[in-house]
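Nothing in this text is a laboratory measurement; each read-out follows from the coordinates by a stated rule. In this text, all values refer to a predicted model and were calculated from it rather than measured experimentally. In this analysis, Cβ positions are derived from the backbone assuming ideal geometry, glycine residues included, and neighbour counts consider all displayed protein chains.
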Amino acid sequence: MSGPQPFVFAAGAEIKRHAPATERNRDVIAETLMKVLPAQGMVLEIASGTGEHVVHFAQIFPGLTWQPSDPDPIALASINAWRADCAVPNVRPTMLLDASTDWPIAQANAVVCINMVHISPWAATIGLLRNAAGILPPSAPLFIYGPFRQYDIPLAEGNAAFDTALRQQNPEWGLRYVEDIVTEARDVGLMLDQIIPMPSNNLSLIFRFR
């Protein structure tokens with residue numbers, strides 16, 4: 001497995017970016033979210049990237065309001081372009097948000113973070129956990145998806161190569177140990193509820209605020 005693939009522009013719209021992996025994983029992620037998300041309320045997505053996930057999920061979960069966010073202004077423009085093109089009424093305008101800093105939002109009924117933890121500094125994961133604990137009501141979910149390490153499970157060959165490529169690209173990146181995330185989560189009142197195996201050696205981690 002190679003390193004992170006560059007975004008490509010969506011056909012006919014220079015501002016819209018497309019992540020090829022999105023089409024491969026969005027439906028299986030949605031199937032998992034069906035078992036995790038509340039029926040109603042507001043879902044904050046951290047590191048929304050191109051915006052393709054959030055508009056897809058908004059169509060599948062019309063009873064939820066989706067708040068996309070990203071620290072990259074170029075990503076924000078792409079998210080808003082996908083939002084306008086798909087005309088999904090339950091997606092809010094994007095929010096400029098860095099996971100590692102204090103979040104400009106008071107409350108959410110769920111927090112979703114897809115493929116951020118391994119391509120950001122560890123401080124972003126710490127901020128994700130700390131801020132999620134501050135805005136989630138009791139039993140509300142924090143959903144984290146991506147490739148991870150586990151101390152008692154050998155790392156798959158593809159994920160090992162991916163981890164090496166990430167660290168060569170940026171020493172602050174790389175696959176994180178689930179156990180380290182669980183420890184940090186526990187310190188802010190988030191408890192691991194489930195670890196769900198996903199295709200291509202990915203995992204879904206579901207935390208809930210106790």
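Applying both filters, DSSP loop and at most 12 other Cβ atoms within 10 Å, to the trypsin sites (Lys or Arg not before Pro) of the stretch 24-85 gives K35. For the stretch 86-142, the spherically averaged projection of the C-alpha convex hull amounts to 4.8 nm².
Only Cα sites of the stretch 8-209 enter the Debye sum here, all with the same form factor; the resulting log10 I(q)/I(0) across q = 0.09, 0.18 1/Å is -0.31, -1.37, listed in q order.
For the stretch 53-76 versus the stretch 84-149, the spacing of their alpha-carbon centroids is 11 Å. Across the stretch 8-209, the mean sequence separation of Cα contacts (distance under 8 Å, 6 or more residues apart), normalised by length, yields a relative contact order of 17 percent. The stretch between Q194 and A123, if pulled fully straight at 0.36 nm per residue, gains 23.3 nm over its current Cα-Cα span.
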